[in-house]
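*Asks:* Quick one: the structure is below, questions incoming.
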Amino acid sequence: MDEEDRKKPRSHEVGMVLDALSVEELQDRIVLLEQEVARIRAAMEAKGNSRRAAEAAFKF
């Protein structure tokens, strides 16, 4: 197994035990979660835009 692959977090489960992770691994998890939050916010924004467009189309 490549050392780089071992360091990259593959996933994170909310509530998982963090005791065995190093500070670097914890920092990597934070980056992973921040990216996921940004992705979710973008999806929410897109849904909001679609909804506003639909509402505007059906207003008389």
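The values are calculated or read from the model by the stated rules, or taken from the named source; none is laboratory data. Here the structure is a predicted model, which means the values were calculated and not measured. Here the Cβ positions follow ideal geometry from the backbone for every residue, glycine too, while neighbour counts run over all protein chains shown.
*Asks:* Could you grab me the full set of residues in the range 36-52 that are small (Gly, Ala, Ser) and either exposed (fewer than 10 other Cβ atoms within 10 Å of the Cβ) or under 12 Å from the mean Cα position of the chain (by Cα) (or both)?
*Replies:* Ala38, Ala42, Ala43, listed by residue number.
*Asks:* In the range 14-46, how many are charged (D, E, K, R) and in contact (Cβ under 8 Å) with a residue 12 or more places away in the chain?
*Replies:* Total satisfying the criteria: 4.
*Asks:* Tally time: how many residues in the range 9-18 are of a type outside the set (Val, Ile, Thr) and at pLDDT below 90?
*Replies:* Final tally of qualifying residues: 5.
*Asks:* Still on this structure, I have one more. With surrounded by 10 or more Cβ atoms within 10 Å (Cβ to Cβ), modelled with pLDDT of 90 or more and not in a loop (DSSP other than H, G, I, E, B) as the only criterion, which of Leu21, Leu33 stands out?
*Replies:* Leu33
*Asks:* Follow-up. Residues of the range 31-59 being of a type in the set (A, V, I, L, M) and closer than 21 Å to Glu13 by Cβ, which ones?
*Replies:* Within the range 31-59, Val31, Leu32, Leu33, Val37, Ala38, Ile40, Ala43 qualify.
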